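Colleague: Take this structure, written in structure tokens, and hold onto it; I'll ask about it next.
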Amino acid sequence: PRCEKHVARGLTQRASAYFLCLRTTTRVYQRRRVVSQVPLFPGYLFAASDEDRLAALWQLPHVAQVLKPSSQVSFLRELKTLFRLI
């Protein structure tokens, strides 16, 4: 949890495709305005992988579980729709 950006950096270094939905939030701390990017789905990062990349994904720190969708085609369609909405 709360390590999505760290895992994304590791996937970038390994040249793996991923999708991390981020939204911008603005908070005020002691009269200072702080703008940050937070995940739209906390705890989740979507990564494209085959069996070789899946083994490499487990080597990254902070990966607790890997979920596989039942249908890759419908899942990719939903992610594309989400990307267009954002």
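Colleague: Can you tell me which residue in segment 56-77 is farthest from Ala8 (Cα to Cα), limited to those that are open to solvent by 100 Å² or more (accessible area, probe 1.4 Å) and of a type in the set (S, T, N, Q)?
Modeller: Among residues in segment 56-77 that are open to solvent by 100 Å² or more (accessible area, probe 1.4 Å) and of a type in the set (S, T, N, Q), the one farthest from Ala8 (Cα to Cα) is Ser70.
Colleague: Next question. With among the basic types (Lys, Arg), in contact with a strand residue (DSSP E or B) (Cβ under 6 Å, 6 or more places away or on another chain) and open to solvent by 70 Å² or more (accessible area, probe 1.4 Å) as the only criterion, which of Arg27, Arg9, Arg2 stands out?
Modeller: Numbers: Arg9 fails: in contact with a strand residue (DSSP E or B) (Cβ under 6 Å, 6 or more places away or on another chain); Arg2 fails: in contact with a strand residue (DSSP E or B) (Cβ under 6 Å, 6 or more places away or on another chain).
That would be Arg27, the only listed residue that is among the basic types (Lys, Arg), in contact with a strand residue (DSSP E or B) (Cβ under 6 Å, 6 or more places away or on another chain) and open to solvent by 70 Å² or more (accessible area, probe 1.4 Å).
Colleague: Follow-up. Scan segment 36-46 and tell me whether some residue there is of a type in the set (A, V, I, L, M, F, W, C), exposed (fewer than 10 other Cβ atoms within 10 Å of the Cβ) and more than 26 Å from Val73 (Cα to Cα). Write out each step before concluding.
Modeller: First, the residues of segment 36-46 that are of a type in the set (A, V, I, L, M, F, W, C): 38, 40-41, 45-46.
If we keep only those that are exposed (fewer than 10 other Cβ atoms within 10 Å of the Cβ) as well, we get none.
No, segment 36-46 contains no residue that is of a type in the set (A, V, I, L, M, F, W, C), exposed (fewer than 10 other Cβ atoms within 10 Å of the Cβ) and more than 26 Å from Val73 (Cα to Cα).
The values are calculated or read from the model by the stated rules, or taken from the named source; none is laboratory data. Quick caveat: nothing in here was measured; it's all calculated off a predicted structure. No Cβ is skipped: glycine too gets one built from the backbone with ideal geometry, and neighbour counts run over all protein chains shown. These accessible areas exclude ligands, DNA and RNA; they are computed on the full protein's heavy atoms, side chains included. Shrake-Rupley method; radii C 1.70, N 1.55, O 1.52, S 1.80 Å.
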